[in-house]
Structure formats: C-alpha cells, structure tokens
Amino acid sequence: MSHTTDGIAPHGGHLINRIATAQEKAEFLAQADVLPRVQLDERSYSDLVMIAIGGFSPLNGFMQQADYEQVVTDMRLVNGLPWSIPVTLSVSEEVAEPLKEGNWVRLDDPDGRFVGVLELTQKYRYNKAHEAINVYRTDDIKHPGVQVVYNQGAINLAGPIWLLQRDAHPYFPKYQIDPVESRKLFKEKGWKTVVGFQTRNPIHRAHEYIQKCALEVVDGLFLHPLVGATKEDDIPADVRMRCYEIMLEHYFPKDRVILAINPSSMRYAGPREAIFHALVRKNYGCTHFIVGRDHAGVGDYYGTYDAQYIFDEFEPGELGIVPMKFEHAFYCTVTQGMATTKTSPSKPEQRIHLSGTKVRELLRKGELPPPEFSRPEVAAELAKAMRVPVEA
C-alpha cells in the first residue's frame, strides 16, 4: 500500500530523523573527551532538537552558506523549496578557529551536557545587518530577534547533526508529541484535515473563537503552544499550559483537539515566522494553519495583517499547507458574542478587544479580566500565577 495516503507529506517529501541509534550514540559517547566542543545556547539547542525530530524537515542540520544566503534573500532553499527563516549555529571567531571542516564537533546543551554531534562541513562569515533587515524587516537592536543576531558569533558552523537521545520534557512529558507521533494520532483519529494553531500567549476568547471557526471546516485542531525560549515578559510556559488544559476541559469537544508542545524558540520575525510556523506544522501533519493578526509579531514592527499577505508571495500549493486567515476577533456588545468586522455590525466603541498584552497589564494591576475577555477559570489561573488576590 502506498504511503502517500497517510495524511499530508512533510515539507520536502520525507520526515527527517536525526536521533542517534543506540550504536551510534555509544560511538559518539566513546569520543566524548576527544571531540572539540561547542556549547549551544537555548535557541540553538531547541533548533538541534527540532531538526532531529523532523520538525524542520527537510533540514538535516545547520544551514550551509548557499542555503543560508538564499533563505535570507529569497525565502527559499537552494533546491527551490520555500523556507523563510535561517537556521544556523553561530559561534565566535575563537571557537570557530580550531574547528576543522570534515570533522565531528561535540555539541553541549546550555548546562554543558553532551547532547549532540555536528558533522562540520563548512564554516562561513555572514552579514548580520543583511540578515536582520531581510528576515526581521528592521535592524533596530531593540527588536528581540535582531538582538539575538547582533549578539551571536560572527561565524556560522554548518553540517548535518545527530541528537544523542530524545529526552522526555521535564515539565510536560505527556504533551511532548513529536511529528512521527502526531501524524500517527491524526491517522488513528481518522482526521483527514487538521488545523494547527501557534501560540505563545495564554488562550483567550478571541483565540477560542477563531479556533472554533476553523474547527467548523476541518476534522481536528492541533493546539501547538511554543515552549522554547520566549521574551522575558511573556507568560511562563507552565502557566500557559494550565490555561490550555482548563480550556480543553471545559470549552472544547474532547475528541476534536490534541494539545502538544512545540519545542521551538520564538524569533519574533512576524510575517517570515508565520511562513516558518506553517511549514513546521505541516511537518507535524497539519493540512491547515491559522494565521491571525500580527502573527509572531512584536511591538509595532509589522503591519496588522502583513503575516497574512506574505502567504500570497507563494504560488498556491507551493507551501503545501493552507493558511486560514482570520481578522482580529473581539466581543461584540451588539450581538453579545464573539465576532470580527466581517460578521459584526458594531462600531469600534461597541467592541471589547482582547490582547495578550492587555491581559498582562490588567493582571499586573491586580485586576481580573472581564468574562468577555477571558473565560473565568482561565482568568483565575492567570491571577493565581501572577499572585494577584482575587476579589471575592
């Protein structure tokens, strides 16, 4: 029987797996003390994991110079496949200097543990300003993504990687569902169409509304919050996860939603990251992907719907996953329900707007968001997390 019927093909046609076998792992460990070492930061460690589990298929390692340059300028790999975010391992000149192309490099996680191996095929310099302007549309050092680029080393190390082993997530082991498993689950549930939802904020009523609109037209929802590195002022992952659990417990049909964690780190690259997020979800087996307002944005760097327009820069079918574009949702006091400008007759002052930022402000002031804003159980959970006394 052909495997093409098993849901949507991963990006590039097959799912990458770079997790070492027991024998490979033993061989790498035997060289632990002789291999030159590179210590990964939080983001490059999560990139290593995402490559290894196939989340970044077709990448099998950190990008070669030709792929890197093509991605930065044209949003494509050298083979023509759409790809919008460079995935690179940057180190300082001092670290790069003794490393020899063609040799193995030991990769340690931020705590100094031996977690992976890089087959070093190339060392190359790159232009930080060029990457910032193209990928982030700004070279403002205050932009969190640009900041990472300007603070990282001047040399990129490229080549295929191996992850020594896939560890269970320390906090959310039961939600660690890698692409191989998520694809299996969708198939077992008989879901032909699955919509992915990216989030780094606690779920509020606007999210719930667009997720349910999407669920009206597909078989299942893959709620896929990002638990890799985020900004300091983003709500911590454990709090967000409890909010999702509460929502699924009370407000969604049990058999139509799968909650899983996305081990990626945020880039805050707005439009380009929306494409990247869609391709990653395609690798997890999603056929559709929700793109809301200011997707993956930060501050005022991107237009409200830039992340939706960028999908039109690709031919239909090129990305291989269908974007579902949603207007900003709000609570409409006229119709007394969630709506968008497409469905509500209200004037701006008759709308209660919801944003993660607004929720954080209210909570910091010791106020609970109103029920039009956030489900009461979720608001209580957030208040507890921010140690806010709830008014009786």
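Observations
- Overall form of region 201-324: oblate. Here a/c, set by the Cα gyration tensor axes a ≥ b ≥ c, is 1.5 or more, and a/b is not larger than b/c.
- Considered as an equivalent ellipsoid built on the Cα gyration tensor, the chain has semi-axes of 36, 23, 22 Å, the largest given first.
- Partners of residue 358 within straight-line reach, counting lysines whose Cα lies under 25 Å from its Cα and excluding those fewer than 8 residues away in the same chain: 142, 212, 231, 325, 342, 347, 384.
- Sum of side-chain charges, residue 158 neighbourhood, beta-carbon under 11 Å (Lys, Arg +1; Asp, Glu -1): -2
- Considering only Cα atoms, the convex hull volume of region 99-198 works out to 188 Å³ per residue.
- Of all DSSP beta bridges confined to region 233-380, the antiparallel ones make up roughly 60%.
- Nearest-ten-degree value, helix 376-385 long axis tilted from longest Cα axis of the chain: 50 degrees
- Exposure rule at most 15 other beta-carbon atoms within 10 Å, DSSP loop GluC sites (Glu not before Pro): the chain longest free segment: 102-215
- Nearest 10 degrees, 0 to 90: helix 65-74 Cα axis against the chain principal axis: 30 degrees
- More than 18 angstrom apart: percent of Cα pairs within region 267-325: 26 percent
- Once the Cα-Cα distance is subtracted from the 0.36 nm per residue extended length, the residue 216 to residue 76 segment shows a gain of 47.1 nm.
- For residue 123, the lysines whose Cα falls under 21 Å of its own Cα, not counting residues fewer than eight places away in the same chain, are 100.
- Rounded to the nearest 20 debye, the dipole magnitude of region 1-66 is 60 debye, with +1 charges on Lys and Arg beta carbons, -1 on Asp and Glu beta carbons, and the Cα centre as origin.
- The chain: angle of helix 179-188 to the longest principal axis, Cα-based, in degrees nearest 10: 50 degrees
- Sulfur and carbon atoms: percent of accessible area, region 83-225 [1.4 Å]: 50 percent
- Listed residue (280, 259, 310) projecting farthest to the positive dipole end of region 250-312, Cβ model: 259
- Entry comment: accessible area of the chain is 45 Å² per residue, from protein heavy atoms only and a probe of 1.4 Å.
- Estimated at 0.36 nm per residue, the fully extended path between residue 113 and residue 333 surpasses their Cα-Cα distance by 73.8 nm.
- Against the compact-protein benchmark of 2.2 N^0.38 Å, the Cα-based radius of gyration of region 28-85 scales to 1.36.
- Extension gain, residue 358 back to residue 380 (0.36 nm per residue minus Cα-Cα distance, nm): 6.4 nm
- Where trypsin sites (Lys or Arg not before Pro) fall in DSSP loop in region 164-217, at most 16 other Cβ within 10 Å: 166, 189, 192
The values are calculated or read from the model by the stated rules, or taken from the named source; none is laboratory data. In this text, all values refer to a predicted model and were calculated from it rather than measured experimentally. Reconstructed Cβ throughout: ideal geometry from the backbone, glycine too, with neighbour counts over all protein chains shown. When the accessible area is computed, the model is the full protein with side chains, heavy atoms only, and any ligands, DNA or RNA have been set aside. Shrake-Rupley method; radii C 1.70, N 1.55, O 1.52, S 1.80 Å.
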